[in-house]
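Enquirer: I am attaching a structure below and will ask some questions about it afterwards.
The values are calculated or read from the model by the stated rules, or taken from the named source; none is laboratory data. A quick note: this is a predicted structure, and the numbers were derived from the prediction, not measured. Ideal geometry is used to build each Cβ from the backbone, glycine not excepted, and the neighbour counts take in all protein chains shown.
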Amino acid sequence: MTTTHVGEPVLSFEEALAAYDPVMGLEVHVELNTATKMFCGCATTFGAEPNSQVCPVCLGLPGALPVVNEKGVESAIRIGLALNCEIASWCRFARKNYFYPDMPKNFQTSQYDEPISFDGHLDVELSDGSTYRVEIERAHMEEDTGKSLHVGGSTGRIHGADHSLVDYNRAGIPLIEIVTKPMLGAGEQAPEVARAYVSALRDLLKALGVSDVRMEQGSMRCDVNLSLMPKGSTTLGTRSETKNVNSLRSVERAVRYEVGRHAAVLASGRRVVQETRHWHEDTGITTSGREKSDAEDYRYFPEPDLVPVAPSRETVEALRATLPENPATRRKRLQSDWGYSDLEMRDVVNAGLVELIEETVAAGATPAGARKWWSGEVARRANTEAQDVVTYAASLGVTPAHVVELEELVTSGRLNDSMARQVWEGVLDGEGSPTAVADARGLQLVRDDGALEAAVDEVIAANPDVAQKIRDGKVQAVGALIGQVMKATKGQADAGQARTVILERLGVS
Amino acid sequence: MTAVPTDPTRLTAAEMADALATGAISSAELTQAHLDRTAAVDDAVHAYLHVDADGAIAAARAVDARRAAREPLHPLAGVPVAVKDVMATKGLPTTCGSRILEGWVPPYDATLVTRLREAGMPILGKTNMDEFAMGSSTEHSAYGPTHNPWDLDRIPGGSGGGSSSVVASYQAPLAIGTDTGGSIRQPAAVTGTVGVKPTYGGVSRYGLVALASSLDQAGPCTRTVLDAALLHDVIGGHDPMDSTSIDAPVPPVVEAARRADVSGLRIGIVRELTGEGFQPGVQQRFDEAVALLVERGARVVEVSCPSFAYALAAYYLILPSEASSNLAKFDAMRYGLRVGPPEVAHPSAEQVMAATRDAGFGPEVKRRIILGTYALSSGYYDAYYGTAQKVRRLIADDFARAFETADVLASPTAPTTAFRLGDKLDDPMAMYLNDIATIPANLAGVPGISVPSGLAPEDGLPTGIQFLAPATEDERLYAAGAALEAALTDRWGGPLLASAPDLAPQGA
Ligand SMILES: [Zn+2]
């Protein structure tokens, strides 16, 4: 069965915004990078052989019981603290009951009315320099489900499939669900706010070291809830829940699309249906999933197989002390320390070079040098190999120390800039350290005054007309002679030095 | 040296341990004697769902070899044991008395099973039970009822009628039961045996197929109080695999059972659990038992636990609620029965789940799943589950108050002696009332023991007395139980079970 997704009518974003204010709510699921699952000792390695990381507990075998992963709780508390949340002094897990083939117990161990952290916020920066405060409703702990693979049929979806295979390796992996309060007042910046929030959250979680936050691998997943309020109204509209919007760009696009779709529905006098919607990356539209009524009843009740989680104030404060600097603050601090322009800083951040540059500067390089060497040829090659610079450089064995060494070769006067570029290419080609490459390639500015003077004399003798012009006061003609000297010395002379010697010889200095 | 017994199955577990230690008998001989007994009587009793003759003999021989090699052994090493079919046993079928788990062989052992194996105790087999431990008569087993060894036309109690009956009919000296609302104690009472529900968290639940997680507790089913203590000592203690397990050593139960001392012990008679609703012979034997303990130095105080009146109602909301969620995992996706819906060519996973649950669960299980699903539904949660939890709190408060003036509480274990098979099958409320005296202990998490108190004059069937103690004070149960047992054995000139009919007069 081939499915073509027919888009629904949409109003243009501008038309929609003229009449309505968008209200968003984002639910982000983050897989923690703990070594073991939330309630058992199974490994959590991504991409392992199906059903190779399972045990009686995460398979939901009769009689098996969960035990809470303390590391998971710690990560949850650190996330809550980083999001400026209150941390519950006592909370419980709850069972969320519903039947689903890839959920071994047919209930998900989650949290309901007693989340580990609640009432926080995250400030995100927008491109116009303004800041939008995203209020956090809660961040709670839960476990992931298994993963179904539908075999047969053409779409990979359950409809039309012959049978389904279930991989329970993911079942029981710790998740934190971070839920925002309704985000109002963003207006036309709503799509950007959504993207900036998910991006800031990703940076924060990465800095905390609690998750791989790889959206493409599903370790960070985003659901976008959206509704429209007629301008001037304060009554929230009916929302749609767009599931699995799994890239920053898609988050922005999905918000934009849903704004237009909702507006078209409302403008035609119809009602928005409360439903879950599927996001289609390829076409950039959403299609209707299952209708979701408020009658959906998960029969939550406190998980009787687990004891309450009751972190002491001392534990919470000790975890607070482990929080890294907020990524946005840190970025500002580094930009100022390094003297980068906004554009330069953005490029460095987007290229994922901040840590590498920080290390390189710490090793003794100048901030400008560190940026120049890491973002030039290395970045180009990494891009060709479809790798990020850090991984690529590590795979080549190229380190911050190499950059420092290269810079020293330039400042000591041994290499000029173009020679340094050649040396760096040699380093990237695996020919050894900058000094070793320079030695092997015989790269060295000419410092032997005798050799330089000889070359200058030769060039003057060979170009008497030019020499005479210079003697007559047309000093700018010296460039032609410098070029000849450089050629004669195969580029190893220092151009400035060559100029001095020529002018001396011609008696115009 | 202990003399070689003519029928070793008649010994107590403590005596068997002595005979094994002195070399008077081997574990292989002892285990074989029990398997022979089962072959002779279990067609009539139907206490076992699965007998593991080969595994038990192999384990017995292994212990005998270790003993011959003079390796250090556990005191109960070589004494065989039966296990209720609700405990996961690696390599041995585990059905919970349900069709939905027919043929399931667990790939892992429950923690207490591991402890039995590590102690060198051969596992004879898996005992019959009401389906998923829901019942008080074993009639709700999908594999047919167990018959009371005292009268084969009567129920052996439930849900653990299999475990009480293997012990009462000398098919095993020891058995593991589980008690969610009385499933160890009530069968013990109606079969003239001893049953203990330890403090909640005293014995690991890891591998116990959950009925109601906050109420379930595994414990010993035996013929004497000392045997119960010895078994309790093997299976008890902290288990990191069970978050609700108590992180403390096993209470000194064996020592208490050996001392059997009640001098100065204050016995609280629970006003709400005597008199009306209790069969006259049951009440009479209870009163006599209390009088005997007073002769031995105990004091009697009367206590009132007014909230016990709501215990049954709260229990029948909490249990089905938890059970409806615990039993959701039986969905044909990974193990157990799988039934396709009739006349559906390409059924969906959901259709297979529904058809399997329809075919695999019996009516009592379905009744409780529906009750629990309803009680947890949004809009009803506060009124039902929420209120039941409040009642639970009140019951715990009642216990706390009662234990200010009494060291142990006492009541008849069950309101009646064993009724006839089929008598209450169509009347769930009458069936539920069997557990009226046992349920409060589960709601509060406190330990309880049932000890034989005699035979009811009107029907000649066994009656039981229950003692309850504060949480983690399990040894008090053993002190009171062992003292009463000693006094009654003196009075009767032997154990109560000596007057049970011999089920196989030509055999053994
Ligand atoms: Zn596992």
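Enquirer: Filter region B:249-283 down to residues that are within 23 Å of the chain's Cα centre (by Cα) and assigned to a loop (DSSP other than H, G, I, E, B), then give me how many there are.
Expert: Number satisfying all stated conditions: 8.
Enquirer: Take A:Val151 and decide whether it is in the same structural domain as A:Leu81 (by TED's automatic domain parsing) and modelled with pLDDT of 95 or more. Spell out how you get there, then give the answer.
Expert: Working: in the same structural domain as A:Leu81 (by TED's automatic domain parsing): yes; modelled with pLDDT of 95 or more: no.
It is false that A:Val151 is in the same structural domain as A:Leu81 (by TED's automatic domain parsing) and modelled with pLDDT of 95 or more.
Enquirer: Of the residues that sit in region B:215-248 and are more than 14 Å from chain A (Cβ to nearest Cβ) and closer than 30 Å to A:Ala94 by Cα, which one is surrounded by the fewest Cβ atoms within 10 Å (Cβ to Cβ)?
Expert: First pass over region B:215-248, keeping only residues more than 14 Å from chain A (Cβ to nearest Cβ): B:219-237, B:248.
Among the residues that remain, those that are also closer than 30 Å to A:Ala94 by Cα are: B:219, B:235-237, B:248.
Numbers: B:Gly219: 32, B:Ile235: 25, B:Gly236: 26, B:Gly237: 19, B:Ala248: 13.
Checked region B:215-248; the qualifying residue surrounded by the fewest Cβ atoms within 10 Å (Cβ to Cβ) is B:Ala248.
Enquirer: Okay, next question. Scan region B:294-338 for residues that are small (Gly, Ala, Ser) and away from every other protein chain (no Cβ under 14 Å) and report the count. Break it down stepwise before answering.
Expert: Step one: of region B:294-338, the residues small (Gly, Ala, Ser) are B:297-298, B:304, B:307, B:309, B:311, B:313-314, B:321, B:323-325, B:328, B:332, B:336.
Filter again for away from every other protein chain (no Cβ under 14 Å), leaving B:297-298, B:304, B:307, B:309, B:311, B:313-314.
Number satisfying all stated conditions: 8.
Enquirer: Let me ask something else about it. Determine whether A:Asn84 is touching a residue at least 60 places away in the same chain (Cβ under 8 Å) and either of a type in the set (S, T, N, Q) or within 13 Å of the ligand (Cβ to nearest atom) (or both).
Expert: Details: touching a residue at least 60 places away in the same chain (Cβ under 8 Å): no; either of a type in the set (S, T, N, Q) or within 13 Å of the ligand (Cβ to nearest atom) (or both): yes.
For A:Asn84, the condition - touching a residue at least 60 places away in the same chain (Cβ under 8 Å) and either of a type in the set (S, T, N, Q) or within 13 Å of the ligand (Cβ to nearest atom) (or both) - is not met.
Enquirer: Go through region B:161-214 and report how many residues are of a type in the set (A, V, I, L, M), more than 14 Å from chain A (Cβ to nearest Cβ) and not in a loop (DSSP other than H, G, I, E, B).
Expert: In the first step, residues of region B:161-214 are kept if they are of a type in the set (A, V, I, L, M); the result is B:166-168, B:172, B:174-176, B:184, B:188-190, B:194, B:196, B:203, B:208-212.
From what's left, more than 14 Å from chain A (Cβ to nearest Cβ): B:166-168, B:172, B:174-175, B:184, B:188-190, B:194, B:196.
Pick out the ones that are also not in a loop (DSSP other than H, G, I, E, B) and you get B:166-168, B:174-175, B:188-190, B:194, B:196.
Count: 10.
Enquirer: Condition (residue is within 16 Å of B:Ser325 (Cβ to Cβ) and either surrounded by 13 or more Cβ atoms within 10 Å (Cβ to Cβ) or away from every other protein chain (no Cβ under 14 Å) (or both)) applied to region B:339-355: is it met by at least one residue?
Expert: First, pick out the residues of region B:339-355 that are within 16 Å of B:Ser325 (Cβ to Cβ): B:353.
When the remaining residues are screened for being either surrounded by 13 or more Cβ atoms within 10 Å (Cβ to Cβ) or away from every other protein chain (no Cβ under 14 Å) (or both), the result is B:353.
So far as region B:339-355 goes, yes, one or more of its residues are within 16 Å of B:Ser325 (Cβ to Cβ) and either surrounded by 13 or more Cβ atoms within 10 Å (Cβ to Cβ) or away from every other protein chain (no Cβ under 14 Å) (or both).
Enquirer: Is it the case, given these coordinates, that B:Ala14 is surrounded by 18 or more Cβ atoms within 10 Å (Cβ to Cβ), in contact (Cβ under 8 Å) with a residue 24 or more places away in the chain and not in a strand (DSSP E or B)? Step through it out loud before you land on a result.
Expert: Numbers: surrounded by 18 or more Cβ atoms within 10 Å (Cβ to Cβ): yes; in contact (Cβ under 8 Å) with a residue 24 or more places away in the chain: yes; not in a strand (DSSP E or B): yes.
Yes, satisfied.
Enquirer: Do the conditions hold for A:Ser127, that is, is it of a type in the set (Gly, Ala, Ser) and touching a His at 6+ places or on another chain (Cβ under 8 Å)?
Expert: Details: of a type in the set (Gly, Ala, Ser): yes; touching a His at 6+ places or on another chain (Cβ under 8 Å): no.
No.
Yes/no per residue for (1) more than 14 Å from every other protein chain (Cβ to nearest Cβ); (2) within 27 Å of B:Gly207 (Cβ to Cβ):
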| site | (1), (2) |
| --- | --- |
| A:Thr34 | yes, yes |
| A:Ser52 | yes, yes |
| A:Gly60 | no, yes |
| A:Ser89 | yes, no |
| A:Arg92 | no, yes |
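Enquirer: Just to be sure before I move on: is B:Gln283 away from every other protein chain (no Cβ under 14 Å), over 20 Å from B:Ala77 (Cα atoms) and crowded, with 18+ Cβ neighbours inside 10 Å in the structure I sent?
Expert: Values: away from every other protein chain (no Cβ under 14 Å): yes; over 20 Å from B:Ala77 (Cα atoms): yes; crowded, with 18+ Cβ neighbours inside 10 Å: yes.
Yes: the conditions hold for B:Gln283.
Enquirer: What are the residues in region B:119-141 that are away from chain A (no Cβ under 14 Å) and of a type in the set (D, E, K, R), if any? Show your work before the answer.
Expert: Step one: filter region B:119-141 for residues away from chain A (no Cβ under 14 Å), giving B:119-125, B:127-128, B:130, B:134-141.
Result: B:Asp130, B:Glu139.
Enquirer: Scan region A:165-185 and tell me whether some residue there is within 14 Å of chain B (Cβ to nearest Cβ) and away from the ligand (no atom under 16 Å from the Cβ).
Expert: For region A:165-185, residues within 14 Å of chain B (Cβ to nearest Cβ) and away from the ligand (no atom under 16 Å from the Cβ): present.
Enquirer: Among the numbered criteria (1) in a helix (DSSP H, G or I); (2) free of Cβ contacts under 8 Å to residues at least 24 places away in the same chain, which one does A:Leu452 miss?
Expert: Failing condition for A:Leu452: (2).
Enquirer: Moving to a separate point now. Only one residue in B:Leu116, B:Leu30 is away from every other protein chain (no Cβ under 14 Å), assigned to a helix (DSSP H, G or I) and closer than 21 Å to B:Gly160 by Cα. Which one? Working first, answer last.
Expert: Working: B:Leu30 fails: closer than 21 Å to B:Gly160 by Cα.
Residue meeting the stated conditions: B:Leu116.
Enquirer: If you don't mind, another one. Those residues that are within 13 Å of another protein chain (Cβ to nearest Cβ) and either closer than 30 Å to B:Gln284 by Cα or assigned to a helix (DSSP H, G or I) (or both), I need them from region B:362-386; list them, please. Before you say what the answer is, go through the steps one by one.
Expert: The initial filter retains those residues of region B:362-386 that are within 13 Å of another protein chain (Cβ to nearest Cβ), namely B:369-382, B:384-386.
Hits for region B:362-386 are B:Ile369, B:Ile370, B:Leu371, B:Gly372, B:Thr373, B:Tyr374, B:Ala375, B:Leu376, B:Asp382, B:Tyr384, B:Tyr385, B:Gly386.
Enquirer: Run down B:Thr2, B:Thr12 and say which single residue is touching a helix residue (DSSP H, G or I) at 6+ places or on another chain (Cβ under 6 Å) and modelled with pLDDT under 95. Lay out the reasoning, then the answer.
Expert: Working: B:Thr12 fails: modelled with pLDDT under 95.
Going through B:Thr2, B:Thr12 in turn, just one is touching a helix residue (DSSP H, G or I) at 6+ places or on another chain (Cβ under 6 Å) and modelled with pLDDT under 95: B:Thr2.
Enquirer: Working carefully through the options A:Val251, A:Val255, A:Val210, find the one that is assigned by TED's automatic domain parsing to the domain that holds A:Glu143, in contact with a helix residue (DSSP H, G or I) (Cβ under 9 Å, 6 or more places away or on another chain), outside any strand (DSSP E or B) and over 26 Å from A:Leu81 (Cα atoms). Outline the logic, then answer.
Expert: Details: A:Val251 fails: over 26 Å from A:Leu81 (Cα atoms); A:Val210 fails: over 26 Å from A:Leu81 (Cα atoms).
Selected residue: A:Val255, the only one of A:Val251, A:Val255, A:Val210 that is assigned by TED's automatic domain parsing to the domain that holds A:Glu143, in contact with a helix residue (DSSP H, G or I) (Cβ under 9 Å, 6 or more places away or on another chain), outside any strand (DSSP E or B) and over 26 Å from A:Leu81 (Cα atoms).
Enquirer: Kindly provide the set of residues from region A:94-115 that are more than 14 Å from every other protein chain (Cβ to nearest Cβ) and under 19 Å from B:Ser321 (Cα atoms), ordered by number.
Expert: Passing the criteria: only A:Gln111.
Enquirer: Of the residues B:Pro8, B:Pro75, B:Pro106, B:Pro93, which is over 21 Å from the mean Cα position of the chain (by Cα) and within 14 Å of chain A (Cβ to nearest Cβ)? Quick ask: steps written out before the conclusion?
Expert: Details: B:Pro8 fails: within 14 Å of chain A (Cβ to nearest Cβ); B:Pro75 fails: within 14 Å of chain A (Cβ to nearest Cβ); B:Pro93 fails: over 21 Å from the mean Cα position of the chain (by Cα).
The conditions single out B:Pro106.
Enquirer: Scan region A:39-80 for residues that are at pLDDT 95 or above, surrounded by fewer than 16 Cβ atoms within 10 Å (Cβ to Cβ) and either within 13 Å of the ligand (Cβ to nearest atom) or not assigned by TED's automatic domain parsing to the domain that holds A:Gln111 (or both) and jot them down.
Expert: Once the filter is applied, which keeps residues that are at pLDDT 95 or above, surrounded by fewer than 16 Cβ atoms within 10 Å (Cβ to Cβ) and either within 13 Å of the ligand (Cβ to nearest atom) or not assigned by TED's automatic domain parsing to the domain that holds A:Gln111 (or both), region A:39-80 yields A:Gly41, A:Ala43, A:Asn51, A:Ser52.
Enquirer: Residues that are under 26 Å from A:Ala200 (Cβ atoms): which strands (runs of 3 or more DSSP E) entirely in region A:13-117 hold 3 or more of them?
Expert: On the way: elements: A:20-31, A:94-97, A:107-110.
In region A:13-117, A:20-31 are the strands (runs of 3 or more DSSP E) which contain 3 or more residues that are under 26 Å from A:Ala200 (Cβ atoms).
Enquirer: Additional query: Considering each residue of region A:384-420, count those that are assigned to a helix (DSSP H, G or I) and within 18 Å of A:Ile357 (Cα to Cα), and give that number.
Expert: Step one: filter region A:384-420 for residues assigned to a helix (DSSP H, G or I), giving A:384, A:389-396, A:400-411, A:417-420.
Then drop every residue that is not within 18 Å of A:Ile357 (Cα to Cα), which leaves A:389-396, A:400-408.
Residues flagged as assigned to a helix (DSSP H, G or I) and within 18 Å of A:Ile357 (Cα to Cα) within region A:384-420 amount to 17.
Enquirer: Could you look through region A:9-38, keep only residues that are of a type in the set (A, V, I, L, M, F, W, C) and surrounded by fewer than 19 Cβ atoms within 10 Å (Cβ to Cβ), and pick out the one that is nearest to the ligand (Cβ to nearest atom)? Reasoning before the result, please.
Expert: Keep residues of region A:9-38 that are of a type in the set (A, V, I, L, M, F, W, C), which gives A:10-11, A:13, A:16-19, A:23-24, A:26, A:28, A:30, A:32, A:35, A:38.
Subset that is surrounded by fewer than 19 Cβ atoms within 10 Å (Cβ to Cβ): A:13, A:18-19, A:35.
Details: A:Phe13: 46, A:Ala18: 54, A:Ala19: 52, A:Ala35: 13 Å.
Per the stated criteria, the residue is A:Ala35.
Enquirer: Applying the selection to region B:320-358, what residues are assigned to a helix (DSSP H, G or I) and either more than 26 Å from A:Phe301 (Cα to Cα) or more than 25 Å from the chain's Cα centre (by Cα) (or both)? Full working, then the answer.
Expert: Of all residues in region B:320-358, those assigned to a helix (DSSP H, G or I) come to B:320-329, B:349-358.
Passing the criteria: B:Ala349, B:Glu350, B:Gln351, B:Val352, B:Met353, B:Ala354, B:Ala355, B:Thr356, B:Arg357, B:Asp358.
Enquirer: Also, I was wondering about something else. For region B:81-90, which residues satisfy the criterion of being among the charged types (D, E, K, R), under 18 Å from the mean Cα position of the chain (by Cα) and in a loop (DSSP other than H, G, I, E, B)?
Expert: Step one: list which residues in region B:81-90 are among the charged types (D, E, K, R), which gives B:84-85, B:90.
From what's left, under 18 Å from the mean Cα position of the chain (by Cα): B:84-85.
Matches in region B:81-90: B:Asp85 only.
Enquirer: Given the structure, is B:Asp358 among the charged types (D, E, K, R) and surrounded by 15 or more Cβ atoms within 10 Å (Cβ to Cβ)?
Expert: Working: among the charged types (D, E, K, R): yes; surrounded by 15 or more Cβ atoms within 10 Å (Cβ to Cβ): no.
So B:Asp358 does not fit the description; no.
Enquirer: Could we say that A:Leu481 is hydrophobic (A, V, I, L, M, F, W, C), touching a Pro at 6+ places or on another chain (Cβ under 6 Å) and assigned to a helix (DSSP H, G or I) here? Write out each step before concluding.
Expert: Working: hydrophobic (A, V, I, L, M, F, W, C): yes; touching a Pro at 6+ places or on another chain (Cβ under 6 Å): no; assigned to a helix (DSSP H, G or I): yes.
So A:Leu481 does not fit the description; no.
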